[in-house]
Ligand code: DGJ
């Protein structure tokens with residue numbers, strides 16, 4: 001790995017890739033990102049075309065709007081910019097030129113924002129480039145980090161006001177990247193509540209395309225991830241470029257094919273309703289974008305993200321630990337429970353080998369329905385006479401850990417907290433606010449609200465033996481206004497909310513390092529890398545139907561490792577879609593993530609309980625593979641009638657393959673799956689037979705199954 005600067009050319013290279021930039025008259029141009037090259041040999045064409053503004057310099061003239069730029073500003077380049085700043089005189093044209101650069105080992109962390117980290121400086125190198133426009137009084141610091149062994153570049157920017165007076169930032173992308181041509185497709189993960197992360201692949205066309213969130217959270221609708229793919233790229237071959245934003249709020253991904261068929265890709269905070277004031281000497285820091293290049297198709301991209309996010313984004317004790325198999329009472333009881341009922345469920349969980357009992361929504365205030373009590377984080381003794389502490393002790397006495405649900409960012413109108421602090425909710429003064437799930441959002445842009453929540457949560461977590469927290473968030477942001485901020489700072493509110501949230505999360509997770517935190521936003525409304533920095537697990541969707549989950553988990557697997565995916569077996573008919581799938585299929589699908597059950601275990605048949613016991617035993621055997629192994633997609637549910645995937649240990653000694661057969665077909669013979677990631681020369685035992693890795697990978701595994709909703713799992717062991 002090395003970062004070099006020779007003859008005006010910056011190169012960030014490792015064995016997987018090269019990322020290169022060139023200085024031309026102080027302009028920072030993009031040269032190349034992809035398979036290794038010698039970038040000093042690349043020429044830059046400065047030719048103009050009609051209507052293209054000209055800039056003169058000592059060697060002639062050039063046309064910025066026809067050049068591939070690294071971090072374009074609004075002004076001379078006439079395409080959508082990465083950054084747009086309004087100066088005090090109202091002018092928006094900014095022309096930053098190279099000022100200085102620095103290359104060093106390691107990776108600096110942005111203040112108050114989540115980001116990928118290094119443990120040793122030798123793991124990565126960083127390049128900082130400073131651009132400046134002395135007329136505008138604006139300085140931009142661009143950060144690039146390259147890792148030793150991964151095809152990853154982390155990028156972000158800081159924009160500083162060096163003038164006396166103020167400036168407003170209207171847009172500041174985390175990364176912008178110009179490609180030489182537009183012959184690409186792009187994949188994004190779109191959806192809705194309980195239907196998140198569905199894969200959609202579109203051809204790139206002329207003009208602007210893309211996707212965004214304006215929900216105040218990263219959203220179920222568009223995950224902050226995109227893969228740009230050459231048209232011939234497949235699961236295992238071809239050029240793929242991943243863009244993943246380490247951010248939990250409003251985002252925008254733009255893909256712009258211009259008049260010269262150049263392509264500009266940008267991602268960052270959504271500029272819509274964003275306006276950030278920087279006073280003299282102040283800087284604004286963008287979130288980080290994590291970009292991956294793969295010459296080995298989607299699988300190469302996913303492997304890089306999985307490894308990086310599992311080991312250098314997630315933190316804390318549970319980063320390197322297997323997670324407890326759990327029982328959550330939500331779909332089993334909803335709000336209708338008492339202590340006795342909960343203990344019965346916990347006992348049945350213990351009986352099948354589960355290790356953690358999670359008490360979901362409904363344990364506090366007067367919370368017997370979803371129209372009240374958010375904010376009143378004290379136990380409802382009518383339901384739980386022993387209190388949280390007493391209940392936790394009873395659960396511990398069964399030999400299980402105890403976990404608790406919170407929704408700390410919300411407030412119900414019908415709550416003591418609202419009666420005491422009506423001004424703490426986000427709303428527009430004098431205007432009727434818009435409830436969603438009959439609740440409102442606490443203004444986390446306020447420091448007093450942040451402090452109150454830190455204090456409240458830390459004291460509850462101290463008051464009882466709570467080993468797990470599910471941190472939920474169940475509405476999008478409307479009526480955005482911060483009564484504490486001046487009129488020209490209202491455009492800061494949505495981002496300040498996220499910064500406030502990150503401050504609370506940092507404090508609560510660091511104060512309680514023994515607790516396993518799982519984030520949730522009505523399932524996958526905030527299934528993003530920003531949250532993963534604080535919480536190593538995410539409840540991937542409120543849809544627990546096995547068939548629906550196949551698509552949700554397939555899409556999520558493009559970027560997020562299985563160690564971050566909360567996945568449970570629930571009752572049938574399924575509560576979201578009414579579908580009945582056999583327990584084997586539900587178990588197979590749920591075991592592709594951090595496994596648990598979410599139903600009233602005390603009401604299951606003896607036959608099902610026996611099968612569940614076997615499932616839990618199997619999960620405990622394979623969970624090191626699921627948590628730390630390499631994940632391979634073996635088929636696409638969009639193309640085949642089955643979904644298949646496998647996990648392989650790093651040393652290739654063991655693996656587990658799962659097949660979820662979705663729909664049967666008449667006149668069907670058999671199917672063949674080619675395995676991946678094994679040692680070709682080793683002999684493995686699979687389904688009672690001894691077979692070479694080469695045979696399993698190059699010929700494949702043939703199976704006969706033609707039954708709707710079948711779930712099959714195969715443990716694979718190297719024998720020679
Ligand atoms: C939404 C979550 O996704 C569910 O799992 C559950 O915790 C409910 N909220 C509780 O209100």
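Bear in mind these aren't lab numbers, they're just calculated from the coordinates by the rules spelled out. Small disclaimer: the values here were computed from a predicted structure and weren't measured. Backbone-built Cβ (ideal geometry, glycine too); neighbour counts: all protein chains shown.
Structural remarks
- Sorted by Cβ neighbour density within 10 Å, fewest at the top, the residues 347, 280, 409, 119: 119, 280, 347, 409
- Cα-based Rg of region 33-170 normalised by 2.2 N^0.38 Å, two decimals: 1.21
- Three-way shape label, region 451-559, alpha-carbon gyration tensor, a/c 1.5: oblate
- Note on region 116-238: Rg/Rh from C-alpha atoms, Kirkwood Rh, equals 1.03.
- Separation of alpha-carbon centers, region 356-418 and region 112-144, rounded to whole Å: 43
- Rounded to whole Å, sorted largest first: equivalent-ellipsoid semi-axes of the chain, Cα gyration tensor: 43, 34, 21
- When you count the other C-beta atoms within 10 angstrom of each residue and take the mean per peptide, 54-66, 245-257, 640-652 line up highest first as 245-257, 640-652, 54-66.
- Once the Cα atoms are used to define both axes, helix 546-556 deviates from the longest principal axis of the chain by about 30 degrees.
- Cα gyration tensor shape for region 1-53, rounded if a/c is under 1.5, else prolate or oblate: prolate
- Percentage relative contact order, region 538-595, counting C-alpha pairs under 8 Å, at least six apart: 43
- Cα gyration tensor shape of region 86-158, rounded if a/c is under 1.5, else prolate or oblate by comparing a/b with b/c: prolate
- A protection proxy built from the mean count of other Cβ atoms within 10 Å ranks the segments 36-47, 458-469, 261-272, most packed first, as 261-272, 458-469, 36-47.
- Rounded to the nearest 500, the 222 nm mean residue ellipticity of the chain from helices alone is -5500 deg cm²/dmol, with -39,500 (n - 2.57) taken per DSSP H run of at least 4 residues.
- Computed log₁₀ I(q)/I(0) - Debye formula, equal Cα scatterers, no solvent, region 370-416, q 0.23, 0.27 Å⁻¹: -0.87, -1.00
- All Cα pairs of region 36-115, percent lying beyond 14 Å: 76
- The orientation-averaged shadow of the Cα convex hull for region 245-311, equal to a quarter of the hull surface, comes to 7.5 nm².
- Look at 598, 235 and count the other Cβ atoms within 10 Å of each Cβ; fewest to most, that gives 235, 598.
- Here the Debye sum runs over all C-alpha atoms of region 393-533 as equal scatterers in vacuum, and log10 of I(q)/I(0) at q = 0.09, 0.15, 0.21 Å⁻¹ comes out as -0.30, -0.79, -1.41.
- Once Rg and the Kirkwood radius are both taken over the C-alpha atoms of region 513-657, their ratio Rg/Rh works out to 0.95.
- Residue exposure proxy: 634, 686, ordered by other Cβ atoms within 10 angstrom of their Cβ from fewest to most, comes out as 686, 634.
- The mean sequence separation of alpha-carbon pairs under 8 Å and at least six residues apart, normalised by the residue count of the chain, gives a relative contact order of 10 percent.
- Kirkwood hydrodynamic radius (C-alpha pairs) into Stokes-Einstein, region 578-720, 25 °C and 0.890 mPa s, D in µm²/s: 154
- Equivalent-ellipsoid semi-axes of region 643-684, from the Cα gyration tensor, Å, largest first: 27, 12, 6
- Rg to Rh, two decimals, where region 209-332 supplies the alpha carbon set and Rh follows Kirkwood: 1.05
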